[in-house]
1. Taking every eigenvalue of the Cα gyration tensor of segment 87-183, multiplying by 5 and rooting it, what semi-axes result, largest first, whole Å?
2. Let me have the relative contact order for the chain, percent, based on Cα pairs under 8 Å that are six or more residues apart.
3. Ranked from highest to lowest mean number of other Cβ atoms within 10 Å per residue, what is the order of the peptides 37-50, 95-108?
4. Output the antiparallel fraction of DSSP beta bridges having both residues in segment 119-177, as a percent to the nearest 5.
5. What nm value, rounded to one decimal, do you get for the distance between residue 17 and residue 33 when each label is placed 7 Å out toward the C-beta?
6. Just to be sure I understand the model, the point goes 7 Å from the Cα along the line to the Cβ. What's the resulting residue 61 to residue 183 distance in nm?
7. Given the Cα atoms of segment 3-182, and with Rh set as the inverse mean 1/r over their pairs in the Kirkwood sense, what is Rg to Rh to two decimals?
8. Helix 50-59 sits at what angle to the longest principal axis of the chain, using alpha carbons and giving 0 to 90 degrees rounded to 10?
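Taken together, the values in this text are just the output of simple stated rules run on the coordinates, not laboratory data. Just so we're clear, the structure is a prediction, and the values are computed from it rather than from any experiment. Backbone-built Cβ (ideal geometry, glycine too); neighbour counts: all protein chains shown.
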Ligand code: 5GP
Ligand code: MG
Ligand code: MG
């Protein structure tokens, strides 16, 4: 795919690269303040959180380790069901650790809600969540997300880690797809 194809596939840029980077630095500042004197374990949820994890980790001054989980939620079509399967578990024992889950986007919040219960059962000192994006539906779930980058409209977004059929993750901004791509 060349730049011309990408231009045609893209409907609009929702959040430009500069805005993403500014927001991530703000989130990192808040996290640094909140975790002063402590050490963090960042848990990135594969694969969507790769970009936000990489930029957030580099913006943080708090001593930290990084680990990854991959989960899949069973559901029909594009809706997650809340029934989650662990495809890759953590390599780290999180007992007594301060865990910060790093997520790309919270939609229904079902995946995250399951993940938080799973992590809590392992006896961490604390578990909080940092999500770059949050959709309106997330407000209906009881999941407490301490750090949120942007509340966005209920549109399917791509870029900065987020895919459509595994493509577009490498875009440095958040955008929406032109209808011809998925119709
Ligand atoms: P939830 O369980 O909160 O409904 O599902 C969250 C997951 O669904 C995200 O981690 C992401 O993988 C996927 N997802 C939800 N909304 C979008 C979207 O607008 N674009 C993309 N690319 N993935 C999304
Ligand atoms: Mg995710
Ligand atoms: Mg995806």
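1. Values: eigenvalues 157, 46, 27 Å².
In descending order, the three semi-axes are 28, 15, 12 Å.
2. Numbers: 346 pairs, mean separation 44.9, N = 183.
Relative contact order here is 25 percent.
3. Values: 37-50: 18.6, 95-108: 20.5.
In descending order of packing, they fall as 95-108, 37-50.
4. Looking only at bridges with both residues in segment 119-177, the antiparallel portion is about 50 percent.
5. Here the modelled spin labels are 2.9 nm apart.
6. Placing both labels 7 Å along Cα→Cβ, they lie 5.1 nm apart.
7. 0.96
8. Helix 50-59 sits roughly 50 degrees off the main axis of the chain.
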